[in-house]
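What follows is a set of notes on a single structure, which appears directly below.
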Amino acid sequence: MPYPFKLPELGYAHNALEPHIDATTMEIHHGKHHAAYTNNLNAALEKHPPLQGKEAEELLRNINGVPEDIRTAVRNHGGGYVNHNLFWQIMTPGGGKEPQGALAQGIKDTFGSFASFKDTLSKTAIGQFGSGWGWLALDGSGKLVVLSTANQDSPLMNGQTPLLGVDVWEHAYYLKYQNRRPDYVAAWWNVVNWDVVGRTYETARK
């Protein structure tokens, strides 16, 4: 839904992803951080009615066309809003395992194996300097790619479609894992909702 953007429901309880992601982190991450991105994006668009009919994803795809006075705010808070909308969806209680169907085949064709893909994305996310994200995305030619972005930048800004994203901002893991980002990323794989990622992949390819 376009402006005013609303904080989406998680779709599961704050403690549903334990022991991998703790309830307190989820409460703060969703109820404070994501809420702030949502509110700040709305505030940035308040004085720009022509942009209020656009979806947040469209604003990011055309970030260079956003008026300069709010471009940084839309980049940061619009990115935070959209990235987290996806993040909650691609996690689920009892997740993990491996993808099936077309996505599984695409990963095998691109990376050689699921294990190789998992290792590549883990290293990319862990190696992101400072705050940011590790991504599996579909590029403009329909190829699967692994990349990282700084801060709340989205693959949408590069003409790519994000399929799977792991948040490596400290607020995503520090209460439970402190500075042990590799432990957090390793645990995060246990909550991935491959059904959602697979559907997103198939839709994006059409």
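The values are calculated or read from the model by the stated rules, or taken from the named source; none is laboratory data. None of the values given here were measured: they were computed from a predicted structure. Cβ placement follows ideal geometry from the backbone for every residue including glycine, while neighbour counts extend to all protein chains displayed.
One table, with the values for the structure above:
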{"read-out": "Any hit, the stretch 1-12, residues being assigned to a helix (DSSP H, G or I), of a type in the set (D, E, K, R) and within 25 Å of Val192 (Cβ to Cβ)", "value": "no"}
{"read-out": "Enumerated helices (runs of 4 or more DSSP H) restricted to the stretch 126-206, each holding at least 3 residues that are surrounded by 18 or more Cβ atoms within 10 Å (Cβ to Cβ)", "value": "181-188, 194-205"}
{"read-out": "Test set (1) at pLDDT below 95; (2) touching a strand residue (DSSP E or B) at 6+ places or on another chain (Cβ under 8 Å) - Ala137 fails condition number", "value": "(1)"}
{"read-out": "Yes/no for His34 being buried (at least 17 other Cβ atoms within 10 Å of the Cβ), in contact with a helix residue (DSSP H, G or I) (Cβ under 6 Å, 6 or more places away or on another chain) and in contact (Cβ under 8 Å) with a residue 24 or more places away in the chain", "value": "yes"}
{"read-out": "Conditions (1) at pLDDT 95 or above; (2) more than 15 Å from Thr120 (Cβ to Cβ): number failed by Lys143", "value": "(2)"}
{"read-out": "Among (1) of a type in the set (A, V, I, L, M); (2) free of Cβ contacts under 8 Å to residues at least 24 places away in the same chain; (3) out of contact with any helix residue (DSSP H, G or I) (no Cβ under 9 Å at 6 or more places or on another chain) - the single one Leu147 does not satisfy", "value": "(3)"}
{"read-out": "Residue among Gly96, Gly78, Gly31 that alone is part of a helix (DSSP H, G or I) and within 24 Å of Val146 (Cα to Cα)", "value": "Gly78"}
{"read-out": "The stretch 44-66, residues that are outside any helix (DSSP H, G or I), free of Cβ contacts under 8 Å to residues at least 24 places away in the same chain and under 22 Å from Gln160 (Cα atoms)", "value": "Asn62, Val66"}
{"read-out": "Index of the failed condition, Ser116 passing every other in (1) closer than 18 Å to Pro8 by Cβ; (2) part of a helix (DSSP H, G or I); (3) polar (S, T, N, Q)", "value": "(1)"}
